[in-house]
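What follows is calculated from the coordinates using simple rules that are stated; it is not laboratory data. As the structure is a computational prediction, the values presented were derived from the model and not from experiment. Because the Cβ atoms are built from the backbone with ideal geometry, glycine has one as well, and the counts that use them run over all protein chains shown.
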Amino acid sequence: MTRPQTDRGPLGVETVGMTMKFGAFTALDNVSIKITPGSFHALLGENGAGKSTLVKCIMGFNRPTSGQLLIQDREVTIPNPNAAHAHGLGMVYQHFTLVPSLTGAENLVINRSDIPQVIHWATEAETLEAFMQTMPFDVPLHVPVKNLAAGEKQKLELLKQLYLGRQFLILDEPTSVLTPAEADELLGMVRDMTLSKGLTVLMITHKFREVTAYADDVSVLRRGQYVGGGKVADMSHADMAAMMIGEKELSKKDTRKDALGDTVLAMSDILAIDRSGLKPIQIARLNVRAGEIVGIAGVSGNGQTELMELLAGQRPYERGNIEVKGEPYTATRKEARKSNVRYLPEEPLNNACAPKMSVAQNISFRDFDVAENAKPTFWLNNKQINAKADHLVGDYNVKTTSIDSPIADLSGGNVQRAVLARELTGDVDLLIISNPCFGLDFSAVAEIRARIMAARNGGTAVLLISEDLDEILELSDRVIVMSEGKVAFETPIGTADIAEIGQYMAGHA
């Protein structure tokens, strides 16, 4: 292996004819991409396009079947991630790599290559304090990672790579859980580091606005192949989308219909305790009407997760009332069935599925114990279960080798489609969803948002909890901002101001 780089300047990285095969399947086919030193390079492509495989080859998780990797125009072999780190390469992954039982500070310090056998924590604390002063957001470094919200963990992952001084940084959807102001400040800071020739960045993203605003160059993968790219200044969003999806047409949302009905969900005077057991969740009033999407915006960790848990019956509350269609609601299976309440939680594979059970079995969870005559039954009707699964898999375009395959074998987008197929089948009066498109590709996002809008237009009351403000603004009729466990702001979409919403999300209003 070539001796690792020791200078502190930005690194240039190039893949030349990189191919990665898994048996008969070619995940990466002769891909050549050049990321010049000190540049901000965006990598686009749908799920399954080869983006993850490419960066895993760069980082040493995969050994490419053929092709070369060049760093500073010198061919290198990266047998493992430690070798990648020694060369100055770092990555913020989609899945967290933090030690849950350790604090944020401990996670940062233990990842240093020069960590002493005996750590002088007073000195480390001073160093970390000075480092945090240069960051555009705050993360509680002295709290165990297991107690942090998903967004806080994502920020800590990014902080870790910057703290370790990587010279080439791969960012995998880095702003998914940040406010617009935080996202712009963060990417602006990273952009400034590339302009000052201190860092090279390769960013995987699905947000064209971020590509246009911050990237110098863009490369697009489709079905494992490089299909185009170039200077961002020379390309429109339509150009990028066309390269990503090829001949395929994106799902189009229905025209928004104005047909508000009666109140379906009503929450009042709610008091509960957050996951830390220290802070209150207080919701004075929150209503959702039929034929309406109410979007809950907010930075991760401000009570959105607890709100979902309250409505799903997973978190007790000390006082207050939750009603669905005018009747008390405690989220029992009987009540949910009677009131036609459905859920699409965040990370549905972990929170709404039995991963080892089949696609068909997971789709049947709502009604496996109901016979065709709508009466309860104690006997599984596998013929009925499979027939329904076959229909919904086709209707919702769930890509699976078989309805008998474990649902854990599906990609993230297809798990979302399968769960959404289950939850939107039949009469749905209230749909409660959390981050439905997190980490999904361009076409999957379009399809799922189209399904949500169609449900709304069909008279369903939709409560949309999302940390993607673009998603909130695109789908919602009303926007509610949660901050510090409370409803901090509410506005109709027609008069929504993104700067004002961002201020309330950040707690500055």
Anisotropy class of segment 28-99 from Cα gyration tensor, a/c 1.5 cut: rounded
Value of relative contact order over the chain, rounded to a whole percent, pairs C-alpha under 8 Å and six or more apart: 17
Shape box of the chain [Cα atoms, principal axes, largest first, Å]: 70, 54, 45
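Only helical DSSP H runs with n ≥ 4 go in: add -39500 (n - 2.57) per run for the chain, normalise by residue count and round the 222 nm mean residue ellipticity to 500 deg cm²/dmol. Let's see the in-between values first.
On the way: 17 runs with 161 residues, N = 509.
Rounded to the nearest 500, the figure is -9000 deg cm²/dmol.
In a shell of Cβ-Cβ distance under 11 Å around CYS353, excluding CYS353 itself, what net charge do Lys and Arg (+1) and Asp and Glu (-1) give? It would help to have the intermediate numbers written out before the result.
On the way: positive: LYS356, ARG422; negative: GLU347.
It works out to a net charge of +1.
What is the Å³ per residue value for the convex hull set by the Cα atoms of segment 350-426? Don't skip to the end; give the middle numbers.
Working: hull volume 6.8 nm³, N = 77.
Residue-normalised Cα hull volume stands at 89 Å³.
How charged is the neighbourhood of SER402? Take every other residue with its Cβ under 12 Å from the Cβ of SER402, and add Lys/Arg as +1 and Asp/Glu as -1. Show your work: numbers first, answer last.
On the way: positive: LYS399; negative: ASP390, ASP404, ASP409.
Spelling it out: positives minus negatives among the neighbours equals -2.
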DSSP bridge orientation in the chain - percent antiparallel, rounded to nearest 5: 55
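For THR77 and LEU278, FRET efficiency with R0 = 56 Å and r from the beta-carbon atoms, rounded to 0.05?
On the way: r = 50 Å, r/R0 = 0.89.
Using R0 = 56 Å, I get an efficiency of 0.70.
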In nm, spacing of pseudo-spin labels at ALA213 and MET357 (7 Å Cα→C-beta vector): 4.2
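Taking the Cβ of each residue in PHE40, PHE208, PHE22 as the centre, tally the other Cβ atoms inside 10 Å and list the residues starting with the fewest.
Working: PHE40 24, PHE208 21, PHE22 11.
With the fewest neighbours first, PHE40, PHE208, PHE22 line up as PHE22, PHE208, PHE40.
What ranking do MET189, MET453 get, fewest neighbouring Cβ atoms within 10 angstrom at the top? Kindly include the intermediate steps, with their values, before the conclusion.
On the way: MET189 13, MET453 21.
Lowest count first: MET189, MET453.
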Segment 426-432 - phi-based ³J(HN,Hα) in whole Hz, Karplus 6.51/-1.76/1.60, Gly and Pro as x: x, 6, 10, 8, 9, 10, 10
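In debye, nearest 20: dipole of the chain around its Cα centre with unit charges on the Cβ of K, R (+) and D, E (-)? Mind dumping the intermediate values first?
Details: 51 positive and 63 negative charges, 250 e Å.
For the chain, the charge dipole is close to 1200 debye.
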Lys, Arg +1 and Asp, Glu -1 on Cβ, resulting dipole of segment 13-245 about Cα centre, debye, nearest 20: 720
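Quote to one decimal, in nm, the extra length available between VAL16 and ASP390 on full extension: 0.36 nm per residue of separation minus the C-alpha distance between them. Don't skip to the answer; put the middle values down first.
On the way: separation 374, 0.36 × 374 = 134.64 nm, distance 4.24 nm.
Fully extending the segment from VAL16 to ASP390 adds 130.4 nm.
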Spatially proximal lysines relative to LYS399 (Cα-Cα < 18 Å; intrachain offsets below 8 disregarded): LYS248, LYS356, LYS388
